[in-house]
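Novice: The structure that follows is given in the form of structure tokens.
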Amino acid sequence: MKKKWISYPYIIWMILFIIVPLILVLFYSITVRTEDGIIFTLKHYKRFMEPVYLSVLFRSIYLALICTALCLVLGYPMAMILNGRNIKRRNILILLFVIPMWMNFLLRTYAWMTLLERRGLINTFLNMLGFPSMNLLYNNGAVVLGMVYNFLPFMVLPIYSVLNKIDRSVIEAAEDLGANAFTVFRKVIFPLSLPGVISGITMVFMPAVTTFVISRLLGGGQFTLIGNLIEQQFLLVGDWNFGSAISMIMMVIILLSMGIMSKYDQEHEGGGLW
Amino acid sequence: MNNETKEILIELVNVSKTYDSTDALKAINLYIRRNEFLTLLGPSGCGKTTTLRLIGGFEEPDSGEILFAGKKINGVPPYKRRVNTVFQKYALFPHMNVFENIAFGLKIKKVEPKVIKEKVERILSLVNLAGYESRAVNSLSGGQQQRIAIARALVNEPEVLLLDEPLGALDLKMRQEMQIELKNMQQRLGITFVYVTHDQEEALTMSDTIVVMRDGAIQQIGTPIDIYNEPKNAFVADFIGESNIISGVMLRDYLVQFADSNFECVDRGFGENEPVDVVIRPEDIKIVSAEDSVLQGEVKSAIFKGVHYEMIVQSNGFHWKIQSTALAPPGRKIGLKIEPNDIHIMRKAPAA
């Protein structure tokens, strides 16, 4: 307790780069600059209630939910495979799985563009087989694909780490008491892995709902998500006040979803990230 | 014992098991009779847990056969075997309460909920935990968790209960209580127990039959009294209770020479002048005055152990361990007296 000063750099860091910007965002979101100076208003929040913006919000949540569901469906079996009993094979698999993450996120997404383009690799291959070209890029599917591809590790790794911690003898005990492989999974492995599933869901849903790069690159102009909206307000339109208001709304949504998740998680006593 | 009349329930025939090129079991043969309390006893790495896991179905033998009531059960998965296991660290389901843990096996067998409730209640009172149904397993003490683990296995009314060092994590007092409780339960329920431990006292207290193992091989099978009084070789003698083991020569029947003296003994059938191991329990050596004995020595140390004193006595270069309720203080010259009955002669183990 004597060495309180050790925490000062972190406290300063947090004040400078987290607290102050948050206050600024909040300040921008409830003010408007007029000739008479700065006045407080809620009109930016009211503006967000217009259907055109609400539909952007719903599309963002909808696509993020689909992405999260897909990540769960793909990621859970993946985590179970990684958790296989052969240690040597497990390490190779984990390495293969993590290698793409060493590459920059943007590069990976650009790579998908070249694959999905009208003259891209996949269409060229289809043409060779005599099929017509397909519109693979610039639709919801492409955006979801990009999200799943980029965020899948955030689902797999927490589930894997929880599965890895499950005591083997608990599984053997279930077998011993008459449970076949499916029942063991349903009654023991899955319930015990829930903390991992929950932190996986949180870690995929949050970046998915706020992404703007994936939707811009793979979704083209027409598939605006809430992240793109915020980006536009700040960088293109220059309406910092409205952008800040949307950011605040986004933050509240994320905080709420995290709160729900962590409340659910507490019943299963941690092991996850939150 | 009347074991001979009882039917054989489990039989291991020439069972071998190898892990990464080390032999965990070397072609062992073993019978387990119905309603018997059989203990697999040995130091860690002797293959006792492997034997248990083979019977439970968690491991498959590399060669040999495992028979259950006369039928071969190699390759039968654990959930199809009529045995239940109590695991070393209890292995309770942490996400379930006490009731759900115990009811697990019954629910899988689709027993009616009403019957499940009755059975769980009955088994909980058997393990002295009535009323604990809705408690979280993590809120229980080690001893209580152990009882739940036993209840969870017993509620399925298995023909055989396998116990893998179930009392290892408990403190001494709790362990001794549980030993008596387990033995009572086994007698009351008439279930075959196969018990794994490295604690010789535990084995002697509870078992009908003890199987002493070492390096994947069985050293001796017998009742606790046989094993204690008639250990087959120096390893068993040393592992079961404390022993003085000294090299000697069997001069002829009923006469053995060790510590430069000749002693009468009760063993015969050895070759003339055959080198042997002589085993003498520390409590079998009497302290007499130096003049009254062929074997004299000087007390090197004496430790109070509660019931008795344990003294180390040096005589002709050999250190005897002696247990006696009478104290001979260090430095005193004493005589050692050993009755012929208490001298156990064993053949030298073939060089392993």
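Rule-based calculations on the coordinates, nothing more; no lab input. All values derive from a computational prediction rather than experimental measurement. We place every Cβ from the backbone using ideal geometry, glycine too, and count neighbours over all the protein chains shown.
Novice: Which value results when the Cα radius of gyration for the protein assembly as shown is divided by 2.2 N^0.38 Å?
Specialist: Ratio of Rg to 2.2 N^0.38 Å for the protein assembly as shown: 1.43.
Novice: How would the range A:1-122 be classified by its alpha-carbon gyration tensor: rounded, prolate or oblate, with rounded meaning a/c under 1.5 and the a/b versus b/c comparison settling the rest?
Specialist: oblate
Novice: Within chain A, which whole H helices from DSSP have a Cα span along their axis of at least 24 Å and a mean Kyte-Doolittle hydropathy of -0.5 or more, if any?
Specialist: Passing helices, by number: A:51-82, A:140-165, A:190-210, A:240-266.
Novice: Taking beta carbons within 10 Å but only from partner chains, what does the mean come to for residues B:87-96?
Specialist: Partner-chain Cβ atoms within 10 Å, mean over residues of B:87-96: 6.
Novice: A further question follows. May I ask you to derive the relative contact order of the range A:61-266, considering only C-alpha pairs under 8 Å and at least 6 residues apart, and to give it as an integer percent?
Specialist: Value for the range A:61-266: 26 percent.
Novice: Expected output is a single nm value to one decimal: the length gained when fully extending between A:LEU74 and A:ILE18, i.e. 0.36 nm times separation in residues minus the C-alpha distance. What is it?
Specialist: Full-extension gain reported as 16.7 nm.
Novice: Okay, next question. Which of B:ALA69, B:ALA136, B:ALA326 moves most in a GNM of chain B, Cα contacts under 10 Å?
Specialist: Comparing B:ALA69, B:ALA136, B:ALA326 in the GNM, the peak value goes to B:ALA326.
Novice: Using R₀ = 25 Å, calculate the FRET efficiency as 1/(1 + (r/R₀)^6) where r is the Cβ-Cβ separation of A:LEU95 and A:ARG168; round to 0.05.
Specialist: 0.60
Novice: What angle do you read, to the nearest 10 degrees and between 0 and 90, between the alpha-carbon axis of helix B:98-108 and the longest principal axis of chain B?
Specialist: In chain B, helix B:98-108 runs at an angle near 70 degrees to the longest axis.
Novice: If you take the square roots of the eigenvalues of the alpha-carbon gyration tensor of the range B:2-234 and sort them as a ≥ b ≥ c, do you get rounded (a/c under 1.5), prolate (a/b over b/c) or oblate?
Specialist: Because a/c hits 1.5 or more and a/b exceeds b/c, the range B:2-234 counts as prolate.
Novice: Next up: Starting with the fewest neighbours, write out B:HIS344, B:HIS198 ranked by other beta-carbon atoms found within 10 Å of each beta-carbon.
Specialist: B:HIS198, B:HIS344
Novice: Rounded to the nearest 10 degrees, what's the angle between the helix B:172-189 long axis and the longest principal axis of chain B, both from Cα atoms, 0 to 90?
Specialist: 60 degrees
Novice: While we're looking at this one, here's another question. Over what distance in Å are the Cα centres of the range A:152-174 and the range B:61-116 separated?
Specialist: So the separation of the two Cα centres works out to 22 Å.
Novice: Treating the beta-carbon of each Lys and Arg as +1 and of each Asp and Glu as -1, no other charges, what is the dipole magnitude of the range A:1-107 about its Cα centre, to the nearest 20 debye?
Specialist: Using Cβ point charges on Lys, Arg, Asp and Glu, the range A:1-107 gives about 720 debye.
Novice: Report the local net charge at B:HIS198: Lys and Arg +1, Asp and Glu -1, summed over other residues whose C-beta lies under 9 Å from its C-beta.
Specialist: -2
Novice: Under a 10 Å cutoff between Cα atoms, tell me which one of B:LEU52, B:LEU163, B:LEU126 has the largest fluctuation in the Gaussian network model of chain B.
Specialist: In the Gaussian network model the winner is B:LEU126.
Novice: Follow-up question, since we're still on this one. Between A:ALA64, A:ALA142, A:ALA111, find the one with the highest GNM mean-square fluctuation for chain A; connect C-alpha pairs within less than 10 Å.
Specialist: Comparing A:ALA64, A:ALA142, A:ALA111 in the GNM, the peak value goes to A:ALA111.
Novice: Students often get this wrong: which residues of the range A:137-158 have the backbone nitrogen under 13 Å from the point 7 angstrom along Cα-to-C-beta of A:ARG118?
Specialist: A:137-138
Novice: Then there's this: With charges only on Cβ, +1 for K and R and -1 for D and E, what is the dipole size of chain A about its Cα centre, in debye, rounded to 20?
Specialist: 520 debye
Novice: Starting from the 7 Å offset along Cα-to-Cβ, what nm value, one decimal, do you get for the label separation of B:ASP171 and B:LYS321?
Specialist: Modelled inter-label distance: 2.6 nm.
Novice: Can you put B:HIS95, A:HIS44 in order, fewest other beta carbons within 10 Å first?
Specialist: Going from least to most buried by this count: B:HIS95, A:HIS44.
Novice: Enter the angle in degrees (range 0 to 90, nearest 10) between the Cα long axis of helix B:113-126 and the first principal axis of the Cα atoms of chain B, meaning the one along which they spread out most.
Specialist: 20 degrees
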